[in-house]
Amino acid sequence: MAIITTPPLPRKTASVSVNGKQLYYEIYGQGKPLFLLHGYTQSSVSWKPYVEDFVKDYELYLVDLTGHGRSEPFKEDLSIRSVAEDLLALIQYLQLPKIKAIGFSFGGDVLYQLALLEPVLIESMITIGAVGNWSILDFPQYLETFTFENRDNFSWLAHSHAGDEQIKGVLTQFKNYIVKLTDEELQNIKPEVLIMIGDDDQGMNLREVLRVRENLPTSDLWILPDVAHGAHEGENKEEFIEKAKRFLSKIK
């Protein structure tokens, strides 16, 4: 007979005002803080299937990043740096002197900016499908596809966000998704970084991946063959959990 397990419930859910914006977050478990950050157009809901895998080892923080999920809709043009500033304000509000973190795509880009804003905050971090310089202007097909009119074609939007106003804001702001990291900025990033990438990720330039790897002071590179953008998902999830735990548990 199959054993049915109940997903862990958060011990706290809250919205807090930081930098004049409402951010929503959930906390699970006890231990060292580990932040799980979602991709663009997603929300913290995307990390819920991973809570059970990490909650015995960490105090988990699932955050709806600026403009997403149950956080307040965008009030201003998207800036990855500004999103990182909002996240830093939340972490300071929570009075957390040190964290570990995993960021997928947008979440990973935010982590690089966070590491520059507060160099000693992050002990170690994993970025998935996020690296270096990236501009939506290099991928006009994404802007043509991810529109409010096409929202019904993307099933995750409805259960990730608070409503149509939120979804419209996220999709409208996609045109402003531009992030740049110079060699010097990368060299000033202090945390140990595991760069995780699928070699079939159409949004990633492998030459850019190598530039980042060469300039990050302490980093590992994990390229998964025949894998697309969500390199931590599906049949790769078990291996991801195993390697992520081993990487994050290194004694500093």
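Since every read-out is calculated from the coordinates, none of them should be taken as a lab result. These numbers come from a predicted model, not from an experiment. For neighbour counting, all protein chains shown are included, and Cβ atoms are generated from backbone atoms with ideal geometry for every residue, glycine included.
Secondary structure note: in the chain, about 35% of the DSSP beta bridges are antiparallel. Among Asp77, Asp64, a tally of other beta-carbon atoms within 10 Å of each Cβ gives an order, fewest to most, of Asp77, Asp64. Membrane-span-like helices of the chain, defined as complete DSSP H segments with a Cα extent of 15 Å or more along the helix axis and a mean Kyte hydropathy of at least 1.0, are identified as 106-117. Considering the chain as a Gaussian network with a 10 Å cut-off on Cα pairs, which listed residue, Ser155, Ser44, Ser71, attains the greatest mean-square fluctuation? Top of the fluctuation ranking is Ser155.
Label sites at Asn205 and Val16, each approximated as a point 7 angstrom past Cα along Cα to Cβ, lie 3.8 nm apart. Summing +1 for each Lys or Arg and -1 for each Asp or Glu among the other residues whose beta-carbon sits under 15 angstrom from that of Asp86 gives -3. Reported to the nearest whole Å, the Cα centre-to-centre distance from region 203-232 to region 110-161 is 15.
As a rough footprinting exposure proxy, the listed residues Glu165, Glu85 were ranked by other beta carbons within 10 Å of their own, and the order from fewest upward is Glu165, Glu85.
According to the square roots a ≥ b ≥ c of the eigenvalues of the Cα gyration tensor, what is the shape class of region 77-166, taking rounded for a/c under 1.5, prolate for a/b larger than b/c otherwise, and oblate for the remainder? Since a/c reaches 1.5 and a/b is larger than b/c, the shape of region 77-166 is classed as prolate.
Here the peptides 232-242, 121-131 are ranked by packing, the mean other Cβ count within 10 Å, and the order with the highest first is 121-131, 232-242.
Going from the residue with the fewest nearby Cβ atoms within 10 Å to the one with the most, Thr172, Thr41, Thr66 rank Thr172, Thr41, Thr66.
Note on the chain: helix-only mean residue ellipticity at 222 nm, from DSSP H runs of 4+ residues weighted -39500 (n - 2.57) and normalised by residue number, equals -9000 deg cm²/dmol. For region 12-248, a/c is less than 1.5, where a ≥ b ≥ c are the root eigenvalues of the C-alpha gyration tensor. That puts it in the rounded class. Our summary gives region 12-248 a relative contact order of 19 percent, counting only alpha carbon pairs under 8 angstrom and 6 or more residues apart.
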